[in-house]
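What follows is a set of notes on a single structure, which appears directly below.
The values are calculated or read from the model by the stated rules, or taken from the named source; none is laboratory data. None of these values were measured; they are calculated from a predicted model. Ideal geometry is used to build each Cβ from the backbone, glycine not excepted, and the neighbour counts take in all protein chains shown. The protein model used for the area step is the full one, side chains on, heavy atoms only, and it has no ligands, DNA or RNA in it. Shrake-Rupley method; radii C 1.70, N 1.55, O 1.52, S 1.80 Å.
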Amino acid sequence: MPKGKKPSAPKPAEAPLVLTKSNGDAWDQEADVIVVGFGGAGACAALEAHAAGSKVLVLDRFHGGGATAISGGVFYAGGGTHIQREAGVEDDADEMFRYLSLEVKGVVSEDTLRDFCNQSVENLQWLEQHGVPFEGSLCPYKTSYPTDDYYLYYSGNEGFSPYKDAAKPAPRGHRAKGAGLPGESFYEPLRASATRAGIDVEYEARVTRLVIDSANRVLGVEYRKVTKGLWSQLHRKLHQAGIAVVKYNPKLAAKLRARCFRIEADHSTVTRARARKGVILAAGGFIYNRSMVKEIAPKYRTGMPLGTASDNGSGILLGTSIGAKTDLMNRISAWRFINPPEAFAKGMIVNKRGERYINEFMYGAAVGEAMVEDNDGEAIVILNAELKKLAREQCKPGEAQWFQRAPALLNLWFNTKEGKSLEELAKTIKVPIESLRATLDDYNDAAEGKKPDRFGKDPQKMHSMRSGPYYAIDAGIRSKRFPCPTLTLGGLVVDERTGQVRNESGGVIPGLYAAGRNAVGVCSRQYVSGLSIADCVYSGRRAGGAAARGEVYAEQSVPSPSESTPAQAKMPEQAAPVRMANALAEALPPIRQGQVADPSPEAQERPNRRPQREGAYPRQALNRSIRRPGGTTRVSSQRGRLTKRAP
């Protein structure tokens, strides 16, 4: 790199390489199945493909784990798992199906959702066989996330109307055994199992483009591998350091990422790997591609990204570079959790018009959706002195996890506005007093049992606030002191039987599969805790098995191919000023990855130019759903011809 030139973030995906003539020298290595990304979905795909007898190569840009390893480690499972039975919980796949039908809203076919529910018990057992630990200690109260005393809990909206009216409520949030956020307890056993199986995993290996033949069949991938030894170790250390400090010092985290980019550019070699049966994209979502979020889902841009730097949309853009179809790309889950402390949820949430719009005890993603989609991202928590005092009591050590207590206390101390009267509070927070007064009167009547709550909130979970002083906490998506975590849900459209990626005309792209947040799946319309990881397991195993079998499907009566050319993966280059000495990285101690939440990951990586009105990223209608086409015919796969690589 020329002296003085600032390193820029590499493009998430480049245009595909088309090979047209057969020659063995075109490839540096071969495998039956290549998996791009070694997070939860990638690990499951690799293990399943290996179990089916395939030689598997896994490529990960960093050191594996992805968002799964830094998550709460919750696996959504039901249908009567042995963990549920140990806790005295009765459940069956039909009840699970009825509940999830309301949550997923047709994002996958009924057959696929029922298969997901029917396989839930077996998938939990499969995880345990690979060493993932679970426990049947049932949390006796509703919470966004339990303390370390409990590992089975109600992780969604099961106990609220209309869900409880359609299906018998059951706790299905199976939390991997471990302290705090035990994402590592979920992921590391899968990594260890892959190692024992002899699966070939290459770390510090960034896939840059797909390799295809003239018929658009995927033949393999091209990737940049960081030189082993000093540079790969430094790359890993910098990445881990960035994850550790990002919540506390986003600018330093951006500099550390930029240093990783420089290492990738200056100390890596290009390698081409052939996939004899298929390539599986499992590289995570795109929440850390802030330009992409701004263009596709601008209402969520001010939310706090939840994930890792690998969640830059690379897997999705690799697919669209050869004409893959996307859907639900504007579906982003915003987590507006206010419980614990429970006192916050016993108060009321209003918008800038002074109106309530949801049951405050609903799951945080449901609150977040109502907040962003229908109320301009506004959420003001209203409390009185009694609830404020109770909230402080509920934030004591042992009452909740530290990552729940800390933001609650910070908001009580630094993000609370006071009004001696309701009129004074309304003036302070700039909402109409007439509307706020009517809302509070209605709330108080419901809390006192004089009338049903319009949002179905249990009177036992409400607190009458007839007298002041009153307090308001800004919990909106733009709040500086109450960050709202966000993650992406949409992705590539896949054949729901195999995970094979579909093209814009409805057919499938031979040799290409997708799983996890690279693919539209069970959680792509609405999120509840554990559903994304459960979908990673389900879709990862599905894609791994199908790719290992080398099966492809040809659709009957599909629409005529579009005359337009396939969308090419384009990404505005980003620059990031960096002056990081090697001594800084070498001085950093070994770091255990923690929860990632970067409110401004591109703070030091601004685009060189503003995106055009018609951008490079695929937009999709909010209410689109995926439907399985009619009759299918199984056909054998074809291989393309390769050309000799230019020296």
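Summary of values
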| item | result |
| --- | --- |
| Residues that are at pLDDT below 95, part of a loop (DSSP other than H, G, I, E, B) and open to solvent by less than 40 Å² (accessible area, probe 1.4 Å), drawn from the range 379-423 | ALA400, GLN401 |
| Subset of the range 164-216 (residues that are open to solvent by 40 Å² or more (accessible area, probe 1.4 Å) and β-branched (Val, Ile, Thr)) | THR195 |
| Breaking point among (1) closer than 20 Å to LEU487 by Cα; (2) crowded, with 22+ Cβ neighbours inside 10 Å, for ASP374 | (2) |
| Considering residues of the range 330-345 that are under 12 Å from PHE361 (Cβ atoms) and not small (Gly, Ala, Ser) only, the residue surrounded by the fewest Cβ atoms within 10 Å (Cβ to Cβ) | GLU342 |
| So GLY66, is it within 30 Å of ALA244 (Cβ to Cβ), touching a residue at least 12 places away in the same chain (Cβ under 8 Å), open to solvent by 10 Å² or more (accessible area, probe 1.4 Å) and not basic (Lys, Arg) | yes |
| Single residue of GLY323, GLY278, GLY315 found to be farther than 29 Å from LYS430 by Cβ, touching a residue at least 24 places away in the same chain (Cβ under 8 Å), under 20 Å from the mean Cα position of the chain (by Cα) and open to solvent by less than 20 Å² (accessible area, probe 1.4 Å) | GLY315 |
| Qualifying residue in the range 438-453 (condition: assigned to a strand (DSSP E or B) and not basic (Lys, Arg)) | no |
| Selected residue (only one of GLY354, GLY323 is within 30 Å of ARG437 (Cα to Cα) and not β-branched (Val, Ile, Thr)) | GLY354 |
| Residue tally, condition hydrophobic (A, V, I, L, M, F, W, C), touching an Asp or Glu at 6+ places or on another chain (Cβ under 8 Å) and surrounded by fewer than 22 Cβ atoms within 10 Å (Cβ to Cβ), over the range 261-275 | 1 |
